[in-house]
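A short worksheet on the structure shown next.
Please treat every number below as a calculation from the coordinates, not as lab data. Everything numeric here is computed off the predicted structure, so don't read it as measured data. Here the Cβ is made from the backbone with ideal geometry for all residues, glycine too, and neighbour counts use every protein chain on show.
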Amino acid sequence: MKIYIRSTAAVSPQNTFGNADFLIEPVEYYGTRLAAIEPDYSKYIDPKSIRRMSHVIKMGVASAKECLNQAGVEIPGAIITGTAFGCLEDTVSFLTRVIEMDEELLPPTAFIQSTHNTVAAQIALLLKCHQYNNTFVHKGISFESALLDAVMLLNENEADNVLVGGTEELTDASFAILTRLSLYKRWPVDNLSIFNTRSKGSIGGEGAVFFLLTDKENETNLAEFKGVQTFYKPENIEEVEKKIISFLKQYDLKIEDIDLVITGKNGDLKNDDIYDQLNQSVFSNVSLANFKHLCGEYPTASSFGLWLAANIIKKGDVPAIVIEDEVKTDPPKNVLIYNHYFNTYHSLMLLTAC
């Protein structure tokens with residue numbers, strides 16, 4: 001069965017929401033974290049409800065509704081999300097009140113909205129969607145796990161239109177903790193030139209990206225979603241290479257058939273070493289692009305990479321800001337996304353032109 005991406009919407013640190021130009025004028029930051037550019041939520045959410053929603057819930061609901069609007073679909077057949085950290089803002093708020101109020105007379109709202117499945121639940125409540133609803137919390141492959149679930153639902157004819165997304169927010173508290181764990185750089189950098197900064201750590205990011213997957217052919221489909229695969233803690237670079245070759249073989253493709261590889265390089269010296277080694281081996285003759293200098297590093301950042309790939313195929317153009325070297329095939333027809341998180345959670349996603 002063929003599966004297509006009918007539509008997609010992204011709230012990110014770039015001007016990606018709505019009908020914005022396709023990364024023609026990338027937003028430049030100087031610092032160690034990127035904040036999402038928030039749209040006018042009143043177009044998607046009742047103003048009274050907006051006040052009660054945290055940052056990540058608003059991003060998720062708005063991007064989900066915009067994704068459905070673009071597809072012309074009112075109620076999806078399923079809603080699936082992936083998130084590693086969940087609703088951090090409400091979690092911090094609840095824990096702070098526990099301490100401040102000496103564990104007595106705690107207001108329950110922050111606790112109720114702090115659970116990881118809150119975004120998917122809020123979308124369902126606002127849409128009055130009583131269909132399948134699930135959230136995956138699988139650290140660095142949370143979004144890919146949601147994709148796998150969506151593919152299985154479509155293959156088993158359990159749903160016709162599946163809304164699937166990846167969401168993550170970055171709060172002051174989580175940013176401070178992750179910086180102490182050396183995930184982010186300690187000195188300000190320019191995000192658009194981060195790959196020229198060979199040092200420890202990346203830049204923090206956040207966002208919400210949603211896709212509508214369907215098995216129906218339509219001229220408005222962005223791309224065909226061929227498949228996704230994840231693997232855990234490869235022993236060495238040779239194992240990663242074998243996984244990539246084996247993944248492509250499932251779809252009767254070789255690395256020479258891939259027009260563009262989008263990698264998860266993030267500017268961290270240790271993190272990018274894997275990509276550099278692959279660029280000298282299996283990716284040596286393939287056009288390369290990167291995306292995390294635009295959205296920052298976070299567990300579900302691969303959803304932004306998939307958004308980028310789908311738009312590249314549909315528009316037939318690769319934005320100059322993401323190109324690592326010369327694009328040899330224009331427009332790209334076969335696009336591979338390879339990402340890893342802490343060299344622990346690895347994923348491969350393949351898109352082709354419809």
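Determine, for MET152, MET53, the number of other Cβ atoms within 10 Å of each Cβ, and report the residues in order from fewest to most.
Ordered from fewest to most neighbouring Cβ atoms within 10 Å, MET152, MET53 come out as MET152, MET53.
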* Asked: Given +1 on the Cβ of Lys and Arg, -1 on the Cβ of Asp and Glu, and no further charges, what dipole in debye does segment 38-174 carry about its Cα centre, rounded to the nearest 20?
  -> 340 debye
* Structure fact -> Between GLU235 and ASP102, the two model label points (7 Å from Cα along the beta-carbon direction) sit apart by a distance in nm of 5.9 nm
* **Geometric extent, Cα atoms of segment 153-203 - Rg, Dmax (angstrom)** => 18.3, 50
* Structure fact -> Heads up, segment 260-330 by the C-alpha gyration tensor (a ≥ b ≥ c square roots of eigenvalues; a/c under 1.5 rounded, else a/b over b/c prolate, else oblate) looks oblate
* **Calculated [θ] (222 nm, deg cm²/dmol) that DSSP helices of n ≥ 4 give over the chain, each run adding -39,500 (n - 2.57)** => -9500 deg cm²/dmol
* Asked: Among PHE247, PHE136, PHE342, whose mean-square fluctuation peaks in a Gaussian network model of the chain (Cα, cutoff 10 Å)?
  -> PHE342
* Would you mind checking the pairs LYS128/LYS292; LYS43/LYS265; LYS65/LYS328; LYS243/LYS265; LYS242/LYS314 and listing those with alpha carbons more than 24 angstrom apart? => LYS128/LYS292; LYS43/LYS265; LYS65/LYS328; LYS242/LYS314
* Asked: When the Kirkwood radius is taken over all Cα pairs of segment 4-214, what Stokes-Einstein diffusion coefficient follows at 37 °C and 0.692 mPa s, in µm²/s?
  -> 181 µm²/s
* To do: Evaluate the charge dipole of segment 150-296 about its Cα centre and quote only its size in Debye, nearest 20, assuming +1 on the Cβ of each Lys and Arg and -1 on the Cβ of each Asp and Glu.
  => 820 debye
* Structure fact -> Any GluC sites (Glu not before Pro) in segment 3-104 that lie in a DSSP loop and have at most 12 other Cβ atoms within 10 Å would be GLU28, GLU74, GLU103, GLU104
* Structure fact -> When ARG198, ARG97 are arranged by how many other beta-carbons sit within 10 Å of their Cβ, fewest first, they go ARG198, ARG97
* Sort out for me the Cα centre separation of segment 66-133 from segment 322-344, rounded to whole Å. => 32 Å
* List the GluC sites (Glu not before Pro) in segment 112-172 that DSSP assigns to loop (not H, G, I, E or B) and whose Cβ has at most 16 other Cβ atoms within 10 Å. Which are they? -> GLU156, GLU158
* Treat the count of other C-beta atoms within 10 Å as a stand-in for reagent exposure and order MET101, MET349 from fewest to most. => MET101, MET349
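For segment 226-352, divide the Cα radius of gyration by the Kirkwood radius and give the resulting Rg/Rh value with two decimals.
0.92
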* With the radius of gyration and the Kirkwood radius both derived from the Cα set of segment 1-44, what is their ratio Rg to Rh? -> 1.08
* At q = 0.08, 0.10 Å⁻¹, what log₁₀ I(q)/I(0) does a Debye calculation on the Cα points of segment 170-307 give, no solvent, two decimals? -> -0.26, -0.41
* **For segment 1-30 and segment 173-252, distance of Cα centres in Å** => 16 Å
* Dipole of the chain, positive direction: furthest Cα of TYR4, PRO299, ASN117, with charges on the beta-carbon -> ASN117
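Roughly how many debye, to the nearest 20, is the charge dipole of the chain about its Cα centre, given +1 on each Lys and Arg Cβ, -1 on each Asp and Glu Cβ, and no other charges?
The dipole of the chain has a size of about 200 debye.
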* Roughly what would the spin-label model give for THR197 and PHE22, points 7 Å off Cα along C-beta, in nm? -> 2.9 nm
* Using only the Cα atoms of segment 133-235, each taken as one equal point scatterer with no solvent, compute I(q) by the Debye sum, divide by I(0), and report log10 of the ratio at q = 0.18, 0.22, 0.23 Å⁻¹. => -1.00, -1.18, -1.23
* Global form of the chain, assessed from the alpha-carbon gyration tensor, a/c cut-off 1.5 -> oblate
